[in-house]
Structures are given as structure tokens and as C-alpha cells.
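The values are calculated or read from the model by the stated rules, or taken from the named source; none is laboratory data. The shown structure was predicted, so the numbers you read here are calculated from the model rather than taken from an experiment. Cβ atoms come from the backbone with ideal geometry, glycine included; neighbour counts cover every protein chain shown.
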Amino acid sequence: MTEKVLETEVVVVGGGPAGVSAAFTLGRQKIPTILVDRKPKEKIGDKVCGDALNPILTKWCYDQVGLPQPDPEKKELMEIAETIVLRGSNPRVILPMGLGSATVDRLRYGQKLLHAAEELESVSVMAETRVKEVIVENNVVKGVKVLTPEGEQSIMSKIVIDASGSSGVVRRRLPLSMCTKFPQKIPREEMIVAYREIIRTKEPHQFQKGLYLTYEKELEEVMPGYYWFFSRGERELNIGLGYLMIEENLGKNIRELNQSVRDRYFPDAEILASQGDQIPARMPLPSLVHNGFITAGDAGALANPLNGEGHGPALFSGIKAAQEILKVREEGKEYTEEHLWGYNKWVWSYFGVEFAMGIGIIKFIFKFGYPEFEWLIEHGIITEDDINTQLYEPAKGHKGMLKKVFKLARKPRVLMGLRKTLNHVEKLVKIAQEYPDIENFDEWNRKLEKELETEL
Ligand SMILES: Cc1cc2nc3c(=O)[nH]c(=O)nc-3n(C[C@H](O)[C@H](O)[C@H](O)COP(=O)(O)OP(=O)(O)OC[C@H]3O[C@@H](n4cnc5c(N)ncnc54)[C@H](O)[C@@H]3O)c2cc1C
């Protein structure tokens with residue numbers, strides 16, 4: 001039997017938020033696009049997640065390209081959060097986390113986005129279609145080989161978008177010779193393993209309209225990590241935990257760690273769903289493009305290393321990757337690494353800057369432990385303003401925090417550690433802001449790698 005060969009302009013691998021937002025953006029401009037996902041169509045979007053998503057981001061996506069927003073009437077949006085905090089093991093230690101957020105139903109919202117993309121004439125969706133191989137000729141990605149319910153097929157394209165989530169299936173199948181500016185495989189110790197349950201309580205729970213990231217005593221076994229309690233309604237919650245997969249944490253039982261906390265807070269809860277998965281927890285890939293290749297969402301390591309927030313970044317980066325493709329196309333150019341380079345600059349100016357603080361905090365907690373981190377919050381050395389400044393106005397630096405260090409006179413070691421952390425974050429922010437032209441990439445990347453090796 002001869003193998004079937006399809007042709008299109010763009011193949012999108014993955015129908016999660018990064019893939020659907022990219023396909024939608026391309027489809028609106030009538031670009032022939034095939035989106036493939038290994039899941040059955042009615043399950044696309046059903047991702048293991050804490051379900052938190054900032055409506056400011058979905059509004060931005062709507063304003064940019066008309067991407068539909070989650071609708072509360074249709075239970076796509078579960079609940080707008082009124083309290084968003086990081087809470088220490090001592091419940092008195094509370095750090096408000098600023099900007100708004102909400103919980104969404106991943107499957108319902110994911111299906112809405114998938115249908116919106118599929119309704120566009122130039123977009124076709126191939127469900128139950130798994131990418132097996134990437135077709136590469138002379139260092140240019142030419143398409144993918146897939147396994148469908150009808151058998152093997154090749155899909156030839158001018159560009160492939162890897163939106164396959166944390167597994168990065170396209171990147172991992174590229175020849176090593178093409179992986180000089182990004183890792184073919186993200187190292188295990190730069191991944192978070194995370195597990196979540198959706199539970200129903202008998203009585204209204206104690207986290208009403210709240211998103212709580214908390215440090216429970218169980219985390220002492222799996223540093224650095226976090227628990228969450230995200231309200232999805234009066235008697236429904238998404239709870240779970242995540243921690244870095246460093247050597248010391250291997251072999252720990254994540255379900256048991258979750259159960260121990262669930263038993264303490266919600267002994268009578270009914271478990272509606274439970275599952276685990278992985279999330280990248282690092283700076284973005286140093287480059288996210290190659291000839292005929294671009295990557296978005298988790299596949300590009302675009303989840304916040306501090307809290308694993310990657311749904312919004314996936315939507316956002318899917319749109320931006322598609323816009324980069326549209327720009328190159330409009331200029332009548334080919335989809336080469338060089339022509340797609342502008343996307344790297346955007347990713348680093350946005351996520352590179354944002355994630356730097358997360359990297360700094362993870363290192364601080366790893367070195368000094370949660371009690372010292374909580375002490376900084378309790379004594380007003382790290383405040384909501386400091387976090388927001390680092391996240392949204394990093395150019396302002398951390399002078400505010402350093403002014404308060406006189407309070408640390410009693411803790412010279414922590415003072416030194418905080419100084420080093422803030423210095424490290426500032427340097428990472430600067431490196432992110434100075435993302436180079438392609439000719440100067442190697443020098444920039446050496447600087448980045450050296451800075452990332454910094455120990456506190
Ligand atoms: C337990 C947990 C809790 C989390 N909590 C939050 C949270 O509260 N808020 C938040 O913002 N983020 C959270 N995240 C992260 C968030 O889920 C991801 O960052 C987000 O889903 C990334 O979107 P994506 O489109 O890049 O990838 P995904 O959503 O993973 O989508 C990838 C798609 O690719 C498809 N695919 C994979 N391999 C193949 C293949 N070989 N062939 C074809 N298709 C393939 C998959 O079927 C999938 O549909 C959490 C993650 C976990 C694991």
C-alpha cells in the first residue's frame with residue numbers, strides 16, 4: 001500500500017493552548033494549516049492542570065486576534081479569584097500575588113478554542129494522529145510523519161510549529177546537528193513533576209474564591225516545590241503539588257505527598273479526577289526557531305519556573321509564533337532560522353525577563369530553606385510590590401528590597417544570600433533584555449550559561 005502524502009503550508013503539532021491559538025491566528029489569515037493531535041477530538045484540551053488562568057491574558061489574546069475568551073455561563077470559566085496569595089507553612093505568612101486570576105475548565109475551554117480554529121476554512125484538524133518522525137532535508141524541517149487510525153502518512157509543509165507540550169516531540173526528533181542553539185531534550189532536573197486532584201467537599205471549603213500557593217511541611221521532603229489550593233466553586237477545588245525533579249527528589253511518592261495534605265485539609269472530600277504530568281521549570285529555550293521550525297508553549301519551556309503557570313504563556317506564545325510566520329510570509333521570505341529570529345527576541349524580552357525572578361527564588365529556597373524565605377515575607381522584606389516590580393517593571397531593579405535589608409542585620413548569612421539572589425536575578429534580566437542578533441548568539445549564550453551556573 002502506498003503511503004498517503006498531504007501538503008500544507010503549516011503543520012501545528014499539538015492541540016493544547018499553544019497549538020490552537022497558533023492555528024486560529026493562521027486560519028484567520030487564510031493560511032493552509034493542519035493541526036495534529038494524538039488525542040481523540042473530543043478529548044483535545046483535556047490537560048492535567050491546576051486550572052488557574054489570568055483573564056487579563058485571555059483578554060489580550062481576544063484583542064490581538066479575536067481568540068474566544070472562557071465564558072462563565074458555559075462553565076468554561078469556573079470562578080474569578082478574589083484572593084491570590086502565597087501562604088507560608090505558618091499561616092500568618094501571606095504574600096499577595098497581585099494581578100487577577102481565575103479557574104477554568106480545561107476541557108471545555110480547550111474544546112471551544114479547537115472548534116473556533118477548526119471553523120476557519122483553511123484549518124483542518126487531524127485527531128488521533130501521533131507524530132512519529134520529523135522530515136528533515138539539508139537542515140530544513142520539511143514536514144512530519146504521523147500515525148493515524150488509517151495508517152502512516154507524511155504531511156509536507158513549509159514550517160512545523162512544535163506545540164506538543166512538555167514532551168517537545170518535534171524538537172526531540174530533530175537531528176542533533178540542528179540542536180546547537182537549544183537542547184534536543186530538556187534535562188530532567190529542569191522539569192517539575194506535578195500532580196493534581198479535582199475534589200468536591202461536603203461543606204463549603206475554606207479557600208472560597210481563592211488561589212493559594214502554599215508551603216506545607218511535607219515539602220521538606222521534596223525541595224524546592226509548592227502546593228496549591230485553587231477554588232473552582234463553593235464546594236469544588238483543584239489541589240495538588242509540584243517539585244523539581246532533581247536527584248534528591250527522585251523516587252518520592254507524589255500521590256502520597258498529596259494525600260497527606262488532602263487528608264489534613266479535606267478528610268471527607270470526594271475525588272473527581274486525579275493525574276500527574278511534567279512542566280518545564282527553567283528559562284525559555286535559548287532559541288525557539290530553526291529552518292522550517294518554531295516552537296511555543298511548554299515545548300519552548302515557556303512556563304513560569306516559580307509556579308508552573310504555563311496556560312497563559314502557551315496561548316500568548318502560540319499567537320506570537322503564528323504572527324512571526326505571517327510577518328515572514330508577508331515579506332515574501334522563506335521560513336529560515338534567520339528570518340524567524342524576531343520571535344526569539346520577543347520571547348526573551350517578555351518571558352526571559354519574567355522568569356528570572358522565579359529562577360532566583362528557587363535557588364534561594366534551595367539554599368536557605370523555606371523558613372528563611374518565609375521570614376523575608378513575614379518581615380516585609382519581600383512584598384507584593386517587589387514581586388510585581390520584578391515581574392512587570394524589572395528595569396526598576398530591586399532597590400526597594402535592598403533598602404529593607406537593615407532588618408537582616410541579625411541574619412548576615414541570609415542577607416548575603418538575598419544580595420546574591422537579587423544580583424543574579426538582575427543579571428539574568430539584563431541578559432534577557434539584551435537578546436542578540438543571530439551572529440552574536442554564541443557569545444550571548446555563553447554569558448547566559450555562565451550566569452545560570454551561579455550558585456548562591
Ligand atoms: C499538575 C499541573 C498543574 C498545572 N497548573 C497550572 C495552572 O494552574 N495554571 C497554568 O497556567 N498552568 C498550569 N500548568 C501548566 C499548563 O498545563 C501547561 O503549561 C499548558 O497546558 C501548556 O500548553 P501547551 O499547549 O504548550 O501544551 P499542552 O497543553 O500539553 O498540549 C500539548 C498537546 O500536544 C499533543 N501531543 C503531544 N505529543 C504528541 C504527538 N506525538 N503527536 C501529536 N500530538 C501530540 C497532546 O495530546 C496535547 O494535546 C500545570 C501543569 C501540570 C502538569
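Quick one: ASP298 ticks every box in (1) within 12 Å of the ligand (Cβ to nearest atom); (2) in a loop (DSSP other than H, G, I, E, B) bar one, so which box is it?
(2)
Report, ordered by the first and then the second residue, all pairs with beta carbons closer than 9 Å, sequence separation of six or more or different chains, a first member in the range 36-54 that is modelled with pLDDT under 95, and a second member that is near the ligand (Cβ under 6 Å from one of its atoms) and not basic (Lys, Arg).
ASN54/GLU309; ASN54/HIS311; ASN54/GLY312
Give, as residue ranges, the strands (runs of 3 or more DSSP E) completely inside the range 1-48 that count at least 1 residues that are within 16 Å of ALA299 (Cα to Cα).
10-13, 33-36
Does PRO17 fit the bill of being within 15 Å of the ligand (Cβ to nearest atom) and either over 20 Å from the mean Cα position of the chain (by Cα) or more than 12 Å from LEU315 (Cβ to Cβ) (or both)?
The answer is no for PRO17.
Would you mind telling me which numbered condition in (1) away from the ligand (no atom under 16 Å from the Cβ); (2) within 22 Å of HIS424 (Cα to Cα); (3) part of a loop (DSSP other than H, G, I, E, B) MET357 fails?
The one condition MET357 does not meet is (3).
With the condition kept exactly as written, say whether any residue in the range 272-280 is surrounded by 22 or more Cβ atoms within 10 Å (Cβ to Cβ), within 16 Å of the ligand (Cβ to nearest atom) and not in a helix (DSSP H, G or I).
Checked the range 272-280: at least one residue is surrounded by 22 or more Cβ atoms within 10 Å (Cβ to Cβ), within 16 Å of the ligand (Cβ to nearest atom) and not in a helix (DSSP H, G or I).
Which condition number does GLU247 fail, the rest of (1) without any contact (Cβ under 8 Å) to a residue 60 or more places away in the chain; (2) within 12 Å of the ligand (Cβ to nearest atom) being met?
With (1) without any contact (Cβ under 8 Å) to a residue 60 or more places away in the chain; (2) within 12 Å of the ligand (Cβ to nearest atom) applied to GLU247, the lone miss is (2).
Consider TRP348 against the criteria (1) in contact with a helix residue (DSSP H, G or I) (Cβ under 8 Å, 6 or more places away or on another chain); (2) surrounded by fewer than 22 Cβ atoms within 10 Å (Cβ to Cβ); (3) under 25 Å from ARG282 (Cβ atoms): it satisfies all of them except one. Which criterion is unmet?
The number of the failed condition is (2).
Conditions tested, residue by residue: (1) over 21 Å from ILE84 (Cβ atoms); (2) modelled with pLDDT under 90; (3) outside the structural domain of LYS320 (by TED's automatic domain parsing); (4) outside any helix (DSSP H, G or I).
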{"residue": "ASN344", "(1), (2), (3), (4)": "yes, no, yes, no"}
{"residue": "VAL347", "(1), (2), (3), (4)": "yes, no, yes, no"}
{"residue": "LYS367", "(1), (2), (3), (4)": "yes, no, yes, no"}
{"residue": "GLU372", "(1), (2), (3), (4)": "yes, yes, yes, no"}
{"residue": "ILE377", "(1), (2), (3), (4)": "no, yes, yes, no"}
{"residue": "GLY380", "(1), (2), (3), (4)": "no, yes, yes, yes"}
{"residue": "THR389", "(1), (2), (3), (4)": "no, yes, yes, no"}
{"residue": "MET401", "(1), (2), (3), (4)": "no, yes, yes, no"}
{"residue": "LYS404", "(1), (2), (3), (4)": "yes, yes, yes, no"}
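So in the range 154-169, with the set limited to residues that are within 11 Å of the ligand (Cβ to nearest atom) and assigned to a strand (DSSP E or B), which one is surrounded by the most Cβ atoms within 10 Å (Cβ to Cβ)?
Per the criteria, the residue is ASP162.
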